[in-house]
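FYI, it's all coordinate maths here, none of it is from the lab. As the structure is a prediction and not an experimental result, all values here were calculated from the model. Neighbour counts run over all protein chains shown; Cβ positions are idealised from the backbone, glycine included.
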């Protein structure tokens, strides 16, 4: 093992010669935006780093049809920013992040797949497994984990602590490393229970997700999330210095909303979201904190392989025994292992995979009269799908459709107040048109079917905070456990005015300090005139609809759209806060990431089409399919990351058990 480590360390040193540590303040002075974040979109689109060289100067074989499938390898954070220097303190990290706004890689250019090559049994974006050339070296370990995001970082450290020598390969370089995570929903963790959060029955949590997923999922994986996510978070916190936990681990929602009974429209909301946030700048600190897991891995004898882009798995028959990688200098390396856990993320940044695999997005575009064989008909962000492709070449199969993405489409209903929340929404004819209290991600599909420029007017009265206290914990509402934010929001509203120009209120944003304009009207007639200018008939219809809505509030039942009675409050007291929105007609997008991936058994072992495990191969995070069902839903905000972390934890335990 010492020889392996020396070989790898020499390779890493060569790869990082152009990325040596520079004076931090010199870098910061050049501009904080993007210094340690995701590479600029212009650099991404050029195929710099590992992506461009994949299609030239290598022995790879183009797929059938002449498409170079390796050209869509992600190049994000692989040398695009030679001045990047990883922060070594939280203060440096906050300075690098600037205002805290997230930067995303929106993927690679399309391959130009023709309709004749679209949706094949062997898709054009997959093609035949490429010949990547001979490795310059071969090393071995017990467990190889591919991808150092949430799932992979947890899986690697878990295996190393079980006494298995573990290597964690990451395509990004050390200095450029970043990741998307912010909210983490993990249930019944000690950090919540110690603050007085009531224990929640995991079977109720599990069944709620199963209902939302319509049962189209691997029930055991959903059960693991409901029953073991708290255990996972407890273990993660054991491996993070207490001072970072005290400073940045914000257990948002631990109080719950004072008057909410836990169920809205017969849908549960659960307490359990953690965010790692700097409260002064409101910056997401998790991409900085997760490095503690990497440090602990190395301290306990494991190895980080930075700048290692996974190319293909080493496999024979139905057995996987390692993987081949390209470093940022184009050298090929082989790592042999008794178990390989693939946690390389989703395929949202690969336009051809997205077009072929995301049936929901493709057909949403088609329903708008767009060409569903054109990769430009759908948009999105995320990873390059390389981990999924590697497993498919080794015999894996994709989960069946409809395949879930995170917040498919582009539209959401407006909130009457900047802080968020579920309040009455009136359409372009002045009438309410939906149940506003229904969960956000469940309503998106309906909103995306409305015509472009469909007007939406959301309204709340002076009692907005009372209304909020009866609402759930999903993405819809402001988190009333965020006292430092809520106090400022209250002060903003107290100092507000009813001019048409409005006033600034701190937005409930999870990263970055942002302010948005809040508008308010002194009376309902003025509100109607502003919402529907020059349309006296619609103004009168709007005022009549508010009167009708108030009558239903008094009766305690929404005869029109079935809004939960606990969320029905009359619109009576001035000032009247409002927000004007409309349906946009753009490219259908998966929003944040794709959740569809390869099929696994109950123990995260990757399956063939015959539903037999591929020996030695496991999947976690967004490489592990059948975790989400039909569509991402939010009984608790942040369950995407929470589920990914838990899957990495459980996949590691499965590999540990198999190797023992």
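May I ask what percent, to the nearest 5, of DSSP beta bridges between residues of the chain are antiparallel? If you can, show how the numbers build up before the last one.
Details: 42 of 65 bridges.
Given both bridge residues lie in the chain, the antiparallel proportion sits at roughly 65 percent.
Which order results if 297, 244 are arranged by neighbouring Cβ count within 10 Å, fewest first?
With the sparsest Cβ surroundings first, the list reads 244, 297.
Using a 7 Å offset from Cα along Cα-Cβ at residue 580, what residues in the stretch 524-560 end up with backbone N under 17 Å from the label point?
Answer for this model: 524-543.
Would you list the P(r) distribution for the stretch 425-582, with all Cα-Cα distances sorted into 5 Å bins from 0 and each bin expressed as a whole %?
Once binned at 5 Å, the Cα pair distances of the stretch 425-582 give 2, 8, 16, 21, 21, 19, 10, 3, 0.
Kindly give Rg over Rh for the stretch 65-204, based on alpha-carbon atoms, with the Kirkwood expression for the hydrodynamic radius. Could the numbers behind the result be given before it?
On the way: Rg = 20.9 Å, Rh = 19.9 Å.
Computed over Cα atoms, the ratio is 1.05.
Quick check: pseudo-label points 7 Å beyond the Cα along Cα→Cβ at residue 116 and residue 462, how many nm apart are they?
For residue 116 paired with residue 462, the spin-label model returns 7.2 nm.
For the stretch 183-284, what's the radius of gyration and Dmax over Cα atoms, in angstrom?
Cα-based Rg and Dmax for the stretch 183-284 come out at 14.7, 42 Å.
Pull out the extension gain between residue 446 and residue 559, defined as 0.36 nm times the separation in residues minus the alpha carbon to alpha carbon distance; nm, one decimal. Walk me through the numbers before you get to the answer.
Working: separation 113, 0.36 × 113 = 40.68 nm, distance 1.95 nm.
Working it through step by step, the gained length comes to 38.7 nm.
Label residue 483 and residue 547 with points 7 Å out from Cα along Cα→Cβ: what is the distance between them in nm?
Each label point is offset 7 Å from its Cα along the Cβ direction, giving 4.6 nm.
Can you tell me the Rg and the Dmax, both Å, for the Cα atoms in the stretch 544-660?
In Å, with Rg to one decimal and Dmax whole: 23.3, 71.
Give me the one-decimal Kirkwood hydrodynamic radius in Å for the stretch 313-435, with the sum taken over alpha-carbon pairs.
Across the stretch 313-435, the inverse of the average 1/r is 18.1 Å.
Over the Cα atoms of the chain, what radius of gyration and what Dmax do you get, in Å?
Final numbers for Rg and Dmax: 25.3, 82 Å.
With N set to the residue count of the stretch 122-192, report its C-alpha Rg divided by 2.2 N^0.38 Å to two decimal places.
On the way: Rg = 16.9 Å, N = 71, 2.2 N^0.38 = 11.1 Å.
Rounded to two decimals, the normalised Rg is 1.52.
Taking the simple approach of a point 7 Å from Cα along Cα-to-Cβ for both residue 134 and residue 367, what is their distance in nm?
Each label point is offset 7 Å from its Cα along the Cβ direction, giving 5.5 nm.
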